[in-house]
1. Taking the stretch 63-116, which residues are of a type in the set (K, R), surrounded by 14 or more Cβ atoms within 10 Å (Cβ to Cβ) and either in contact with a helix residue (DSSP H, G or I) (Cβ under 8 Å, 6 or more places away or on another chain) or not in a strand (DSSP E or B) (or both)?
2. Can you say whether E59 is surrounded by 11 or more Cβ atoms within 10 Å (Cβ to Cβ), modelled with pLDDT of 80 or more and in contact with a helix residue (DSSP H, G or I) (Cβ under 8 Å, 6 or more places away or on another chain), as far as the supplied structure shows?
3. For R145, which of the numbered conditions (1) touching a Leu at 6+ places or on another chain (Cβ under 8 Å); (2) at pLDDT 95 or above; (3) of a type in the set (K, R) fails to hold?
4. If R33 meets every condition in (1) at pLDDT 95 or above; (2) exposed (fewer than 14 other Cβ atoms within 10 Å of the Cβ); (3) over 20 Å from T131 (Cα atoms) apart from one, which number is that one?
5. Filter the stretch 117-142 down to the residues that are small (G, A, S), out of contact with any strand residue (DSSP E or B) (no Cβ under 8 Å at 6 or more places or on another chain) and either farther than 22 Å from A51 by Cα or modelled with pLDDT under 95 (or both) and list them by number.
6. Starting from the stretch 1-18, take each residue that is without any contact (Cβ under 8 Å) to a residue 40 or more places away in the chain and list its partners that are surrounded by 17 or more Cβ atoms within 10 Å (Cβ to Cβ), counting only C-beta distances under 9 angstrom and pairs at least six apart or across chains.
7. All but one of (1) within 13 Å of the chain's Cα centre (by Cα); (2) part of a strand (DSSP E or B); (3) within 16 Å of T3 (Cβ to Cβ) hold for S38, so report the exception by its number.
Amino acid sequence: MTTLSEHVRLACPQRLAQVYLDSRLLPVASAEREVPMSLTAPIPGLHLEPATDVLLSVECDASARDGQVWKLKWRVPGSKSFPEFSGVLAVRPGDSRSASSLTLTGAYTPPFGALGTAFDMAVGSRIASATARTLLQTFGADIERLYAERAQTLEAHRAGR
């Protein structure tokens, strides 16, 4: 089993980042089924970013000790060549009150036994990490966009007084 842990810094306070992440994932979790999503899997050193269609399932874990987290699973339907990933997505405190961090930790088992493990050690784990970073950057960009829109609305409201 291979573990991964990735994070991206967000220019958004933790509390609001959590609200924005929840608003994005709650509809997926409420569906109580896997939903299709395209994940980009950058291949380090080759400047290739093939997209892979996965089925994503999401479950809220409000019982987590350090705040609400989201359990994620994804798999490539009908393929034995790609591992299933299970992990946890969470918003963590940042280095200031106006920042936070979006983290993804999880694990997968490379397919094809010893050959798959060797591939994972050579290249696969880097592809998995790059894929996780891309997913975090996508969610992070949405969170920061919503935060910027909120700031603009508040500024316009203050200017209109």
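The values are calculated or read from the model by the stated rules, or taken from the named source; none is laboratory data. The structure presented is a predicted model; accordingly, all values stated were derived computationally and were not measured. Every residue, glycine as well, gets a Cβ built from its backbone with ideal geometry; the counts of neighbours run over all protein chains shown.
1. Listed by number, the list holds a single entry, R92.
2. Working: surrounded by 11 or more Cβ atoms within 10 Å (Cβ to Cβ): yes; modelled with pLDDT of 80 or more: yes; in contact with a helix residue (DSSP H, G or I) (Cβ under 8 Å, 6 or more places away or on another chain): yes.
Yes: the conditions hold for E59.
3. It is condition (1) that R145 fails.
4. (1)
5. Filtering the stretch 117-142 down to residues small (G, A, S) leaves 118, 122, 124-125, 128-130, 132, 140-141.
Now narrow it down to the ones that are out of contact with any strand residue (DSSP E or B) (no Cβ under 8 Å at 6 or more places or on another chain): 118, 122, 141.
Once the filter is applied, which keeps residues that are small (G, A, S), out of contact with any strand residue (DSSP E or B) (no Cβ under 8 Å at 6 or more places or on another chain) and either farther than 22 Å from A51 by Cα or modelled with pLDDT under 95 (or both), the stretch 117-142 yields A118, A122.
6. Within 9 Å, the pairs are R15/V91; R15/S100.
7. Against the list (1) within 13 Å of the chain's Cα centre (by Cα); (2) part of a strand (DSSP E or B); (3) within 16 Å of T3 (Cβ to Cβ), S38 comes up short only on (3).
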